[in-house]
Amino acid sequence: MREALKAAGDGCRTYGIVAASSLRSRAAYTWNFTLSLFFQMLMYSADVAALLLMVRTAGAIGGWGTYDILFLSGLVLASSGVYRVFGSELHNFDKYLVHGEFDGVLIRPAHTLLTVAARSIDVEQGGAFLEGVVLMVLAWRHLAPDLGLGVVDALCAALAVACGAVIWFAVVTATAALGFWTTRIDDLQPVLLYGPETAVSYPLSIYPKAVRWIFQTILPVAFGSYVPAAAILRKGPPLSDLGWCAAVAAASFVAALGLWNLGVRRYTSTGS
Amino acid sequence: MAIIEAERLRKVFTRGQRLFGRKRSDAPVNVEAVRDLSFRIEPGEFVGFLGPNGAGKSTTIKMMTGILHPTSGRVTVDGLSPQADRVRLALRIGVVFGQRTQLWWDLPLRESFRILRAMYRVPPVDFRRRMEMLTELLGLDAFMDMPVRQLSLGQRMRGELAGALLHGPRVLFLDEPTIGLDVTAKAALRQFLRSLNAEVGTTVILTTHDMTDVEELCQRILVINQGTQVFDGSLAELHERVGMPSALRATFREPPDMSRLSDAGGRRSSPDIRVTVLEDGRTVHAEFNRLTCPAPQVLERLRAAGEIVDFSMQEPRLETIIQQFY
């Protein structure tokens, strides 16, 4: 147990050094970096604008007003933005399987998931996270007086982002792990990742029962979006529901890790 | 104590396997990539694994480095099982794949080394000492601050080697390290590997298709074909077994009179020259075994067929030598 903790500590240190190195090397191209961030935010803004336009026209959907939905999509954007930065290698995991680059991961003295994640950290993809936070703050300023939102709620919002980030990271990891069986994951990603990302930017209450069930069980992304948002925005459920969100986040990461380990075992016994 | 021991190593790949549901009408095919391979390697040896593509060399290396699990049989490296003790073994071995980079593509070379130092938990004193030595021997200074993606293949290879040696591994595995390098880069790399093996005592396992690599580096050669070992010994012993297949090409002023060839020098009895006349009618391709019939002798015999205006030697190729085993 102590050895495992020590190994995890060493792994995190290595990861920290990779992160710092990536940041430094990107910072060398300031203009490139800034422009890239700017265009990303512009792109995400277009998505959000389309969504809001629809809500405006409809008045409200599922009992959620314009600013409620602004908060919800900000939450989804911010939390899923985290995997785009820290899970960029998992997001592009195809190349490891198609070109056999995973061999190089297995010769390193660390857990394979950590080794893959530490291959690169895509700081330039931070645009989604930033924009998400901006949207949440905008919505907050409008909603806070009416709903009487305070510091505790703000902390809960931060926790909600963290839960969402862990859940999305688990989904990205699980999708990458499926690649050990299917080799290509770019066909799976729209179904398991991009689709749900867009879907949970809307209140879950508008969907048929089956869809709600999926997002609260096998693909539990609602616990990083709709569920905490509903609690924070006083839609009925108590704030204590965030405890459930944290538990689901932890459980989904453990499950994804299990699937990953299973996949690695398959890789090492069949090879490329 | 042997540093690497392989006992009846076997690896079967199953192709055409289906993930879900019933299997396709044609049953999955089992391909035996490695079968019944046993060998022992002592510390400090420099061993070349040779064989044609698909012979099982890479699969064997992958089983020794913990990348693949053997279907059956046993392998230990430095007393550890590469599969059960993958992480611990990784701290004691270095691996370089000639065709793939292990460095951080977007970061300066120097940063890659810093990351590796943290990953392998290299104590600062050791790191400084090894870094100094590697920088000098491999001439890393000139491109230490360049991003890896901007390095030439030769520079990158030197970086890869340094990266694989930073933690002072006891065994170094090299999968075709000289592939694609120019003559000078190859020579520098060999020089480095020789001194690493001689002075530091690192055990080196190498796969290559380059005859010069084998001649200049490998004290011991393991030839693998179709998954099994067909030869284990020194280069001299290999030549004893299969000779040294060579070829030369001679151009005659007039189309040569081949009928006069066999009488030349009264050596009708030596059957070891195979002669073919090329399409132009004036150029002759002769294959022979250099051990039993030296090149000057071949030339002399060819001269009986007419006046030679030009000729060139073709170096024995590893593939040709290895082919003698099939």
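The values are calculated or read from the model by the stated rules, or taken from the named source; none is laboratory data. Everything quoted here is computed from the prediction, not taken from an experiment. All Cβ positions, glycine included, derive from the backbone under ideal geometry; neighbour counts span all protein chains shown. Just so you know, the surface numbers come from the protein's heavy atoms only, side chains and all, with ligands and any DNA or RNA stripped out. Shrake-Rupley method; radii C 1.70, N 1.55, O 1.52, S 1.80 Å.
Tabulated data for the structure shown
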read-out	value
Restraint check, B:K11/B:K186; A:K6/B:K62; A:K209/A:K235; A:K95/B:K57; A:K6/B:K11, Cα-Cα greater than 30 Å	B:K11/B:K186; A:K6/B:K11
Most mobile of A:M41, A:M136, A:M54 in a GNM of chain A (Cα contacts under 10 Å)	A:M54
Chain B, helix-only ellipticity at 222 nm - DSSP H runs n ≥ 4, -39,500 (n - 2.57), divided by all residues, nearest 500	-8500 deg cm²/dmol
Listed peptides A:171-182, B:194-205 by packing density, highest first (mean Cβ within 10 Å)	A:171-182, B:194-205
The stretch A:194-248 and the stretch B:109-160: distance between their alpha carbon centers, rounded to Å	48 Å
Per-residue HN-Hα couplings for the stretch A:238-253 [Karplus 6.51, -1.76, 1.60; θ = phi - 60°; Hz; x = Gly/Pro]	x, 4, 5, 4, 5, x, 4, 4, 4, 5, 5, 4, 4, 5, 5, 5
Degrees between helix A:127-147 axis and first principal axis of chain A (Cα, 0 to 90, nearest 10)	30 degrees
Between helix A:151-182 and chain A: long-axis angle, C-alpha atoms, 0 to 90°, nearest 10	40 degrees
Residues with amide H under 5 Å from that of B:L172, placed H, sequence gap 5 or more	B:G94, B:T203, B:V204, B:I205
Probe 1.4 Å, protein heavy atoms only - accessible area per residue of the stretch B:245-325 in square angstrom	60 Å²
Structure-based [θ]222 nm, chain A - -39500 (n - 2.57) summed over DSSP H runs of at least 4, per residue, nearest 500	-24000 deg cm²/dmol
Whole-percent carbon and sulfur share, accessible surface of the protein assembly as shown, 1.4 Å	57 percent
P(r) histogram, all alpha-carbon pairs of chain B included - 10 Å bins from 0, percent	5, 21, 25, 20, 15, 10, 3, 0
Accessible area buried between chains A and B, both sides summed, probe 1.4 Å, in Å² to nearest 100	2900 Å²
The protein assembly as shown - Kirkwood radius from inverse mean 1/r over Cα pairs (Å)	28.3 Å
FRET efficiency, 1/(1 + (r/R0)^6) with R0 35 Å, evaluated for B:R241 and A:V98 via beta carbons	0.30
The stretch B:245-325 shape via C-alpha gyration tensor axes, a/c threshold 1.5	oblate
Within a Gaussian network of chain A (alpha carbon springs, distance under 10 Å), most fluctuating of A:L138, A:L77, A:L193	A:L138
Average beta-carbon neighbours from other chains, 10 Å sphere, peptide A:96-109	6
Cut-off 14 Å between beta-carbons: net charge of the residues surrounding B:R35, Lys and Arg +1, Asp and Glu -1	+1
Mean projection area, nm², convex hull over Cα of the stretch A:2-266	15.4 nm²
For chain A, accessible area per residue (1.4 Å probe, heavy atoms of protein chains only), Å²	45 Å²
